[in-house]
Amino acid sequence: THCISSAASDVYKRQIEKRIIKAVDSTDGKIAGMILWETRGNTIEFGPLAVLPEYGGKGLGKTLINYVMEIAREKSIPTVEITVVNLRTELFTFYEKQGFVRQGTAEYPHPEKLTQPCHFVVYRKDL
């Protein structure tokens, strides 16, 4: 079992609101997963989404995404987006099963740091 808590981080100059949601195992207090999200105008962008391997396949990632979508609804924000590195093709199906639709691609912001070519795939869900 887990509980979800939210801790605010800094609010950036361009009215970007960032938050981290952590899923904590209630038996030992270990952080089982987390998701970072931020509001940009009429969209909530989230990612990274991370779940420890021992908690994988138990619905925790889906729970974290649903929590972000609940926040979007409460704030009357109509769109939620995630960008996924194109090399993580196994994630495409996961997000599509959650109702996200592929929108296109975006360049990696720091190509000089790459060890192999890659780009982002943008997924969006309208609420």
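The values are calculated or read from the model by the stated rules, or taken from the named source; none is laboratory data. Predicted model, so just to flag it, every value in this text is computed and none were measured. Glycine also receives a Cβ, built like all others from the backbone with ideal geometry; neighbour counts cover every protein chain displayed. Heavy atoms of the whole protein, side chains included, go into the accessibility calculation; ligands, DNA and RNA do not. Shrake-Rupley method; radii C 1.70, N 1.55, O 1.52, S 1.80 Å.
Considering each of T89, T27, T39 in turn, give the residue that is among the polar types (S, T, N, Q) and either at pLDDT 95 or above or touching a Ser or Thr at 6+ places or on another chain (Cβ under 7 Å) (or both). Reasoning before the result, please.
Values: T27 fails: either at pLDDT 95 or above or touching a Ser or Thr at 6+ places or on another chain (Cβ under 7 Å) (or both); T39 fails: either at pLDDT 95 or above or touching a Ser or Thr at 6+ places or on another chain (Cβ under 7 Å) (or both).
Criteria check complete, one pass: T89.
Looking only at the stretch 30-46, which residues are over 8 Å from the mean Cα position of the chain (by Cα) and under 17 Å from I82 (Cα atoms)?
Listed by number, the residues that qualify are G33, M34, E38, T39, R40, G41, N42, T43, I44.
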* To do: Return the residue satisfying two criteria in turn: it lies in the stretch 29-49 and is closer than 14 Å to R19 by Cβ and hydrophobic (A, V, I, L, M, F, W, C), and of such residues it is surrounded by the fewest Cβ atoms within 10 Å (Cβ to Cβ).
  => L36
* Which condition does L52 not pass, out of (1) buried (at least 17 other Cβ atoms within 10 Å of the Cβ); (2) within 15 Å of A23 (Cα to Cα); (3) more than 12 Å from the chain's Cα centre (by Cα); (4) among the aliphatic types (A, V, I, L, M), if it passes all the others? -> (1)
* Does L49 fit the bill of being in contact (Cβ under 8 Å) with a residue 24 or more places away in the chain, under 19 Å from V85 (Cα atoms) and of a type in the set (A, V, I, L, M)? -> yes
* For the stretch 55-74, which residues satisfy the criterion of being touching a strand residue (DSSP E or B) at 6+ places or on another chain (Cβ under 8 Å) and either of a type in the set (G, A, S) or open to solvent by 90 Å² or more (accessible area, probe 1.4 Å) (or both)? -> G61, A72
* Based on what the data block shows, is A8 over 16 Å from K125 (Cα atoms), of a type outside the set (S, T, Y), modelled with pLDDT under 90 and in contact with a helix residue (DSSP H, G or I) (Cβ under 8 Å, 6 or more places away or on another chain)? -> no
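For the stretch 106-127, what are the residues that are open to solvent by less than 90 Å² (accessible area, probe 1.4 Å), of a type outside the set (D, E, K, R) and touching a residue at least 12 places away in the same chain (Cβ under 8 Å)? Before you say what the answer is, go through the steps one by one.
Of all residues in the stretch 106-127, those open to solvent by less than 90 Å² (accessible area, probe 1.4 Å) come to 106, 108-111, 114, 118-125, 127.
Add one more test, that the residue is of a type outside the set (D, E, K, R), and what stays is 106, 108-111, 114, 118-123, 127.
A106, Y108, C118, H119, F120, V121, V122, Y123, L127, listed by residue number.
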